[in-house]
Structures are given as structure tokens and as C-alpha cells.
Amino acid sequence: MSLREKFTADLKEAMKAGEKTKVAAIRLITAALKDRDILARGEGKTVGDEDILALLQKMIKSRQESLDIYEKNNRPELAAQEKGEIEVISAYLPKQMDEATVADAIKAAIAETGAASMKDMGKVVAALKAKYTGQMDFAKASAAVKAALSN
């Protein structure tokens, strides 16, 4: 079952079960996906599962930033809403890699691309994104790649 089909099936289930938070979050996902489809169509491309996973990660990052702001400004009701959306969106991502696994993947990508200096950082990050989309936080991974290449 593709991710698109899973969104549709889960939306139907959530609506039948009366899960308002899940319904709202899945509708946000499908709306963002439709926007991405329209953008891709204009460029003559199609949106694949890797693109959908990247979109979901971006949505989680955005909600995490909002959550931090709401917690700092003492808005617990809005923070709870963001947490609920993060949980629903996270359920569609593959299991996240732990730090040791990420470090091993970075070492393998550096060896695979033959990276020797900071100039090769883009190649390494691209190789990681090709293999591990949705499984790691690429902001943290980029910092780790930079540290590994600068040594």
C-alpha cells in the first residue's frame, strides 16, 4: 500500500472513529501533498514516496518549532494540538535511526563517495538522503558529516 492510499484509508477510519485530531492532521498532510503535486506538475515531475517522506519531515519540523514557541509563551492548548499533529504525522515515517546507526551510515557514505574534504560534503549528504529519507534528521546529520570531514 502506497503512502497516499494509507492516508486515504486512515482518514476514513479516523472519521468513522471520531478521532478529530487524527482527521485534522491527515487532512493537513493531504492538503500539503496536493500543493506539492501541483508544484511538481508545473515542473513536469511526479511526487514519489521519498518526496512524501521529506514533506512529512518538514511538517514535523515546522510543528516542533511551533510547539517550542507555544510552550515558551504559556499556550498549553495550542502546544497540545501541535503535539497531537506531530504524533499523527510521525506515525507515517519509518523508524528513526539512533545516533550510532546514523554515525555508521555517515562513515559508509563518506567511504562510498570517496569524500576527503569539506568540498565533498554535498555528495555525502545527497548519498544519505538517497538511502535514508525519513529515517534521520538531516540537519543533525549534516552537522555530523561536517565534523567528520573537517577532522
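Distance between the modelled labels on A108 and T21, one decimal in nanometres: 3.5 nm (7 Å Cα→Cβ projection). Number of Lys-Lys pairs in segment 24-151 with C-alpha atoms under 12 Å apart and a separation of 8 or more places or on different chains: 4.
Between K34 and N151, how high is the FRET efficiency from 1/(1 + (r/R0)^6) when r is the Cβ-Cβ distance and R₀ = 35 Å? Nearest 0.05. Computed FRET efficiency for K34 and N151 comes out at 0.20.
Determine the sum of side-chain charges near F138: Lys and Arg each +1, Asp and Glu each -1, restricted to other residues whose C-beta is under 13 angstrom from that of F138.
Net charge in that neighbourhood comes out at +4.
Determine the relative contact order of the chain: mean sequence separation of Cα pairs under 8 Å and six or more apart, normalised by residue count, in whole percent.
With pairs under 8 Å counted, the relative contact order is 21 percent.
By how many degrees, 0 to 90 and rounded to 10, does the Cα axis of helix 138-150 deviate from the longest principal axis of the chain? Between the helix axis and the principal axis of the chain, the angle is about 10 degrees.
Under the √(5λ) rule applied to the eigenvalues of the Cα gyration tensor, what semi-axes describe the equivalent ellipsoid of the chain? Give them in Å, descending.
Values: eigenvalues 201, 82, 37 Å².
Over the Cα atoms of the chain, the semi-axes work out to 32, 20, 14 Å.
Taking a sphere under 14 Å around the Cβ of E50 and counting the other residues whose Cβ falls inside, with K and R at +1 and D and E at -1, yields a net charge of +4. Over segment 82-136, Cα pairs under 8 Å with separation of 6+ residues give a relative contact order of 45 percent. Relative to the longest principal axis of the Cα atoms of the chain, the long axis of helix 121-132 makes an angle of roughly 50 degrees.
Using a probe of 1.4 Å on the protein chains alone, the accessible area found for M59 is around 20 Å².
The values are calculated or read from the model by the stated rules, or taken from the named source; none is laboratory data. All figures in this text were calculated on a predicted structure; none of them were measured in a lab. Positions of Cβ are generated from backbone atoms using ideal geometry, with glycine treated the same way; all protein chains shown enter the neighbour counts. Please note that ligands, DNA and RNA were not included when accessible areas were found on the heavy atoms of the full protein model with its side chains. Shrake-Rupley method; radii C 1.70, N 1.55, O 1.52, S 1.80 Å.
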